[in-house]
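J.: Quick one: structure below, then a few questions.
Values in this text are rule-based calculations from the coordinates and carry no lab data. The shown structure was predicted, so the numbers you read here are calculated from the model rather than taken from an experiment. Counting neighbours? That spans all protein chains shown, and the Cβs are built from the backbone with ideal geometry, glycine included.
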Amino acid sequence: MAISASLQSLEEEVTCSICLDYLRDPVTIDCGHVFCHSCTTDIRPILGGQPVCPLCKKPFKKENIRPVWQLASLVENIERLKVDKDRQWADATQEQQDVKLCERHWEKLHYFCEDDGQLLCVLCRESQEHRPHKAILLEKAAQHHRKQLQDQRQHIVAEFEQGHQFLKEREQHLLGQLARLEQELTEGQEKHNSKGISELARLAGLISELEGKVQQPAAELMKDTRDFLNRYPRKKFWLGKPIARVVKKRTGEFSEKLLCLQRGLREFQGKLLRNLEYRTMSVTLDPQSASGYLQLSEDWKCVTYNSGLYQSAYQHPQQFDCEPAVLGSKGFTWGKVYWEVEVERERWSEDETDRDEEEDWEEEEEEEEEEAVYGDGSDWETDEESSLGDEEEEEEEVLESCMVGVARDSMKKKGELSLQPEDGVWALRLSSVGIWANTNPEAELSLAVWPRRVGIALDYEGGTVTFTNAESQELIYTFTTTFTQRLVPFLWLKWPGTRLLLRP
């Protein structure tokens, strides 16, 4: 306190009485008072006479103004002391803010209670509540946790290095197989070209010999007719396949490996996204937004489609009227969240069996086409009426579908809607004949496994909605955009015999 008072007194001594700031280029006038040099130039003479001192009102001559160098040095030192004092005060204030105090006793926290996992001050440590507990110094406890974090960091780095090494080895293995296949294809092509050139040369020689035979006289030509067929047997032109059957088989097997690799990587990415980055949320449906075509369960976790009449006598302002849709009750404006939608259908196993039998029949048909070399082409034609009928049937099946995803809470709910990202809906459409992303136009997706449970991962800040097969963790599709409004789960169902369930 004494140092602060002395410093304040010195500051008053080196303050200019005119500008009330530190003396800048201090000068003294005839009466002995000191001012800033620039301030003395602003003093005007009174009634045409000499200027007077602002303090004592004595006249002085401007030519007698003299600089005070010692005072200028003193002002600099005082300013430096002032800056250091302010900096120390700011550091001390920040230190006090950084130091956490006990909320009960307002003392510094020095101990960590391992039994309760709490920070303790000296008074808390000696209290009856914590005296029987094991309490250690805070720094010692922090060192233990720092070591655990370092161990975890090393473990994570080691795991990823092993993963990188494993993927690198698999990459080299597949590239090696691909190089060998390319070599076999090149060698096979060279052999095929060589054999074709040889066959062409043989035919050219035979043609030349026959042309010469035709030019012979009749008596000479007919002299050895019995031996003609033996000398010139009917031989078909060589028709070799450019790719050997073995190489073709290996190429097909390699393609299957690539598909397996792609699927495995998508599953791996989906699993990492779900388990490491996203928080699983339990969401429910908002009954006030549910269309009258839909029926919700009592726990608001399940929705079914009413194929009969409209079931709502009262129209809520937030209710869908034309579209069989419903929104979730919980909204999101930040973070990374995850939930699942399970699609349950009647006779699912029977449909799957029929699909497997159809795929087997298609594979057998493809094999028969590969084995056939010649044909009249009659089986290649498709009946036009049958094709049109199939298209009509497919269009009818596509109408029976469902949509799962996210939507803006403020989306339009009245009238017929396009249900696309431009309208605030990011979703997948699933039916018995395919899966589409609701882009404009819709993007049909090719999946190895039909998803019965769809995982929805929303990254609000990152601007992505990622869909996965929740059972295999395979990535299905990702929307990328910028979100600015509240998002909620979105379900749309027009598929009799099907219900959608929110999980967990």
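J.: Tell me, what HN-Hα J-couplings in whole Hz come from the Karplus equation 6.51 cos²θ - 1.76 cosθ + 1.60 at θ = phi - 60° for each residue of the stretch 106-114, using x for Gly and Pro?
T.: So the J values, rounded to whole Hz, are 6, 10, 5, 8, 10, 10, 10, 7, 6.
J.: What list of ³J(HN,Hα) couplings, whole Hz, do you get for the stretch 285-302 from phi and the Karplus terms 6.51, -1.76, 1.60, once you set θ to phi - 60° and write x for glycine and proline?
T.: Once θ is set to phi - 60°, the couplings for the stretch 285-302 become 9, 9, x, 5, 9, 5, 5, x, 7, 10, 10, 9, 6, 5, 8, 6, 10, 10 Hz.
J.: Past 25 Å, Cα to Cα, is the threshold; run Lys248/Lys271; Lys168/Lys248; Lys61/Lys82; Lys271/Lys494; Lys191/Lys213; Lys108/Lys140 against it and keep the listed order.
T.: Working: Lys248/Lys271 35 Å; Lys168/Lys248 27 Å; Lys61/Lys82 35 Å; Lys271/Lys494 30 Å; Lys191/Lys213 33 Å; Lys108/Lys140 16 Å.
In this structure, Lys248/Lys271; Lys168/Lys248; Lys61/Lys82; Lys271/Lys494; Lys191/Lys213 exceed 25 Å between Cα atoms.
J.: Name the residues whose placed amide hydrogens come within less than 5 Å of the amide hydrogen of Val283, ignoring near sequence neighbours (fewer than 5 apart) on the same chain.
T.: Correct list: empty.
J.: Continuing with the same structure: Check which residues have an amide H placed less than 5 Å from Val68's amide H, if you skip close sequence neighbours.
T.: Sorted by chain and number, the residues that satisfy this are Val27, Thr28.
J.: Now for a different question. Taking the Cβ-Cβ separation of Glu182 and Leu265 as r and a Förster radius of 22 Å, what is the calculated FRET efficiency to the nearest 0.05?
T.: 0.45
J.: Read phi for every residue in the stretch 471-483 and hand back ³J(HN,Hα) as whole Hz from Karplus 6.51 cos²θ - 1.76 cosθ + 1.60, θ = phi - 60°, with x for Gly and Pro.
T.: Values, residue by residue: 7, 9, 6, 6, 5, 9, 6, 9, 8, 10, 7, 10, 9 Hz.
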